[in-house]
Amino acid sequence: MSDDQFFDPGLLEAIRSRAARYDRENTFFTDDLADLVQAGYLRAHVPATWGGGGLSLAELTRSQQALAGAAPATALAVNMHQVWVGVANVVRARGETFADQVLTEAAAGEIFAFGISEPGNDLMLFGSTTQAEPDSTESAGGYRFTGTKIFTSLSPAWTRLGVFGTDTTSPDAPKSVFAFLDRDEVGAGRVEILDDWDTLGQRASQSQTTLLRGGYAPAERVIRRIDPGPSTDPLIFGIFACFEILLAAVYTGIAERALSLAVEAARARTSRKNDGAPLAHDPDVRRRIASAGIALDGVAQQIEALARDVDESVDHGDLWFPRLSALKWRASEVAREVVTASVQVAGGSSYRTGSELGRLYRDVLAGMFHPSSEDSAHSAMATALLGPTPRPCER
């Protein structure tokens, strides 16, 4: 199946037409989500043999770029569901089945979200401040999670929340524990979703703070217990690879839309000092647009290449994580530069609150807050190329 089966022009235009209202009102993209579910898009990355659309990760990146060009916040939030489906695919490709429930349930219509990020914790996947308390009742094997998760996209709609915490009490502790919580935990009061999402951009994603107050995952919902710290475990690799690649796709899609608007503006605007000639004839404008196009072209091709390598289980060895970090950082930086250049070409009208380019400018800034950061990307690449920095006693 091809990726364009999910996005006919009418659907993307309908989604684009709502983006400004969702942003202005700071509300969730309810109608977009309903349309995407109806189109089967949340099953797009589920293998056809499991009842899904059968898109590869490389194909999905193109779809996510198109969706981001229509509605960045919608694409960013849906990304989180697609990442979990991608993780399950990666895990299966590496000979494990512990994440199969994601494929089964995504095919059945469940919506997955990420409860991973924590305030003040830059360890990300390598360590959690959330307490994972093992269940000591008759149904041993389950866990209760207590802690705070931030940037939980899809907060109003998720039915399955992927979380992780640290088990500090079991005989083999410490262990990082990954599990899925059901939406019923919200109704039971063991998970609380705060109405606190009021941001500069990506407003419709409604990535609200989630308080875990003993949120319970029974044994069958606990998918992994591993040692904290850097790891090549299939789950860690799957999350990292799909998260970084699909984030890069979303921000590249934003930049592609911004550049197309800049091209339209350059053709429509005229210069009085050049006898009414279109700005598209101005050498400075032409160079600015050309530079943006060249930078964007390189990133788009790298996204597809790395996604295809994940699909085909290519072995990059120790360079896998640095390359994924570098891709996300480079893509978000290029996207910000392209959107900035597009705003400059379009002129003062893009500074108005009703301007699509102005909204894209606010949305693209969020890219700097997602991992991997500039510092972590450079640190990962330096370690891969130069080895780890020796401790003071080893120098």
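The values are calculated or read from the model by the stated rules, or taken from the named source; none is laboratory data. Just so we're clear, the structure is a prediction, and the values are computed from it rather than from any experiment. No Cβ is skipped: glycine too gets one built from the backbone with ideal geometry, and neighbour counts run over all protein chains shown. For accessibility, only protein heavy atoms count, side chains too; no ligands or nucleic acids. Shrake-Rupley method; radii C 1.70, N 1.55, O 1.52, S 1.80 Å.
State the answer as a single residue: which of Leu259, Phe112, Pro390 lies farthest towards the positive end of the charge dipole of the chain, with beta carbon charges of +1 for Lys and Arg and -1 for Asp and Glu, about the Cα centre.
So the residue we want is Leu259.
Count neighbours as other Cβ atoms within 10 Å of each site's Cβ, and list the chymotrypsin sites (Phe, Trp or Tyr not before Pro) in region 56-157 that are DSSP loop with at most 10 such neighbours.
Answer by residue number: there is no such site.
Arrange the residues Ile116, Ile294, Ile289 by how much accessible surface each exposes, largest first, with a 1.4 angstrom probe.
Highest to lowest solvent-accessible surface, that is Ile294, Ile289, Ile116.
Given H placed on each backbone N at 1.01 Å, which residues far from Tyr143 in sequence or on other chains put an amide H within less than 5 Å of it?
Amide H neighbours of Tyr143, under 5 Å, 5+ apart: Asp135, Ala217.
Counting only helical runs of four or more DSSP H residues, what would the 222 nm mean residue ellipticity of the chain come to if each run contributes -39,500 (n - 2.57) and the total is spread over all its residues? Provide the component values of the computation, followed by the final result.
On the way: 11 runs with 187 residues, N = 395.
So the helix-based figure for the chain works out to -16000 deg cm²/dmol.
Given the alpha-carbon gyration tensor of region 303-395, what are the semi-axes of its equivalent ellipsoid in whole angstrom, ordered largest first, with each equal to the square root of 5 times an eigenvalue?
Result for region 303-395: semi-axes of 35, 18, 9 Å.
Tell me, what ³J(HN,Hα) does each residue in region 116-127 have, in order and in whole Hz, if you take phi through Karplus 6.51 cos²θ - 1.76 cosθ + 1.60 with θ = phi - 60° and put x for Gly and Pro?
Taking θ as phi minus 60°, the curve returns 10, 5, 9, x, x, 10, 8, 6, 6, 6, 8, x Hz for region 116-127.
Kindly write out, for region 331-336 in residue order, the coupling ³J(HN,Hα) from the Karplus curve 6.51 cos²θ - 1.76 cosθ + 1.60 (θ = phi - 60°), rounded to whole Hz, with x marking Gly and Pro.
For region 331-336, the Karplus curve yields 4, 5, 5, 4, 4, 4 Hz.
Using amide H atoms built in the peptide plane, which far-off residues or other-chain residues are under 5 Å from Arg224 H to H?
Under 5 Å from the amide H of Arg224 lie the amide H atoms of Phe178, each far enough along the sequence or on another chain.
Equivalent ellipsoid semi-axes for region 226-320, as square roots of 5 times the alpha carbon gyration tensor eigenvalues: give them largest first, rounded to whole Å.
43, 12, 10
Would you tell me the accessible area of Met368, worked out with a 1.4 angstrom probe on the heavy atoms of the protein chains, in Å² to the nearest 10?
Only protein atoms counted, so the area is about 90 Å².
Taking DSSP loops as anything outside H, G, I, E and B, show the longest stretch in the chain free of GluC sites (Glu not before Pro) there with at most 16 other beta carbons within 10 Å.
So the longest stretch without any such site is 139-311.
So how do Phe243, Phe237 rank on accessible area, 1.4 Å probe, biggest first, that is with the largest at the start?
So, going from the largest accessible area down, we get Phe243, Phe237.
Can you work out ³J(HN,Hα) from phi for every residue in region 360-374, in order, using Karplus 6.51 cos²θ - 1.76 cosθ + 1.60 and θ = phi - 60°, giving whole Hz and x for Gly and Pro?
After applying 6.51 cos²θ - 1.76 cosθ + 1.60, I find 4, 4, 5, 5, 5, 5, 5, x, 6, 8, 7, x, 8, 7, 4 Hz.
Find out how many positive minus negative residues lie around Ser170, taking Lys and Arg as positive, Asp and Glu as negative, among other residues whose Cβ is under 10 Å from that of Ser170.
-1
Starting from the Cα of Gln344, step 7 Å toward the Cβ, then list every residue of region 276-304 with an amide N under 18 Å from that point.
Counting only backbone N, you get 279-297.
Sorted from largest down, what three extents in whole angstroms do the Cα atoms of region 238-395 have along their principal axes?
68, 38, 29
Protein chains only, probe 1.4 Å: how do Trp320, Trp50 rank by accessible area, largest first?
Most to least solvent-accessible, the answer reads Trp50, Trp320.
May I ask for the percentage of alpha-carbon pairs in region 44-176 that lie more than 18 Å from each other?
Working: 5481 of 8778 pairs.
When every Cα pair of region 44-176 is considered, 62 percent fall beyond 18 Å.
For the chain, set up a Gaussian network in which alpha carbons nearer than 10 Å are linked by springs, and say which option among Ser271, Ser350, Ser332 fluctuates the most.
Residue with maximal mean-square fluctuation among Ser271, Ser350, Ser332: Ser271.
In debye, nearest 20, what is the charge dipole magnitude of region 41-139 about its Cα centre with +1 on Lys and Arg Cβ and -1 on Asp and Glu Cβ, if you could check?
Values: 4 positive and 10 negative charges, 122 e Å.
It works out to roughly 580 debye.
Students often forget the sequence filter, so: which aspartates and glutamates lie under 12 Å Cα-Cα from Lys273 once same-chain residues fewer than 8 apart are removed?
Of all the aspartates and glutamates, those that pass the test against Lys273 - Cα under 12 Å, at least 8 places apart if same chain - are Asp282.
Hey, which aspartates and glutamates would be in cross-link range of Lys328, C-alpha to C-alpha under 13 Å, not counting anything within fewer than 8 residues on its own chain?
The reachable aspartates and glutamates, counting only those whose Cα sits under 13 Å from Lys328, are Glu244, Glu304, Glu374, Asp375.
Assign unit charges at the C-beta atoms only (+1 for Lys and Arg, -1 for Asp and Glu), then state the dipole size of the chain relative to its Cα centre in Debye, rounded to the nearest 20.
Here the size comes out at about 1180 debye.
Quick one: which residues, 5+ away or cross-chain, put their amide H under 5 Å from the amide H of Gly53? H built at 1.01 Å from N.
Ala44, His45, Val46
Among residues other than Gln38 whose Cβ falls under 13 Å from its Cβ, what is the net charge (Lys/Arg +1, Asp/Glu -1)?
With Lys, Arg at +1 and Asp, Glu at -1, the neighbours total -3.
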